[in-house]
Amino acid sequence: MKATYYLDTYAILEYLAGNKSYKRFFQDAGGLATSLLNLIELYYILLKEDGEATSDRAHLAFSRFQTGITDEDVKEGMKFRLRLKAQGRSPSYADAIGYQVAARIGAKYLTGDEAFRTLPNVEFVK
């Protein structure tokens with residue numbers, strides 16, 4: 001099944017925090033994707049804030065949505081990050097690459113990260 005939405009770390013964290021605005025996106029789990037880089041960010045943030053058990057559960061739950069990253073995704077993601085930084089925005093490495101992965105797989109980039117608010121192919125949710 002083709003992914004409809006690419007989950008950035010922000011989106012996953014908001015869903016886990018119970019943000020009702022994100023609930024509808026997670027109802028069709030077959031249409032979701034994320035990358036190892038976002039899973040790494042997620043694991044680190046939860047490990048720091050909630051401990052290893054929570055990090056392990058979240059990683060297990062969301063790793064099923066993992067899609068691959070190509071060398072081209074990395075290159076284009078870093079070019080994209082430089083362009084955004086020149087505009088005063090500062091996406092993480094994982095998010096810049098994730099945005100490129102979303103474009104490649106034909107999925108909308110789901111986030112509430114202000115760095116992406118006005119960009120094309122973004123489903124911006126607070």
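Some points to look at:
- Breaking point among (1) without any contact (Cβ under 8 Å) to a residue 60 or more places away in the chain; (2) part of a helix (DSSP H, G or I), for Ala102: (1)
- Residue in the stretch 66-87 that is free of Cβ contacts under 8 Å to residues at least 24 places away in the same chain, of a type in the set (A, V, I, L, M), exposed (fewer than 13 other Cβ atoms within 10 Å of the Cβ) and not in a helix (DSSP H, G or I) present: no
- Residue list for the stretch 94-125, filter: farther than 17 Å from Gln66 by Cα and surrounded by fewer than 17 Cβ atoms within 10 Å (Cβ to Cβ): Glu114, Arg117, Thr118, Leu119, Pro120, Asn121, Phe124, Val125
- Qualifying residue in the stretch 36-52 (condition: at pLDDT below 95 and out of contact with any Cys (no Cβ under 7 Å at 6 or more places or on another chain)): no
- Test for Leu110: is it in contact (Cβ under 8 Å) with a residue 12 or more places away in the chain, under 21 Å from Phe26 (Cβ atoms) and outside any helix (DSSP H, G or I): yes
The values are calculated or read from the model by the stated rules, or taken from the named source; none is laboratory data. These numbers come from a predicted model, not from an experiment. FYI the Cβ positions are ideal-geometry reconstructions off the backbone, even for glycines, and counts take in every protein chain you see.
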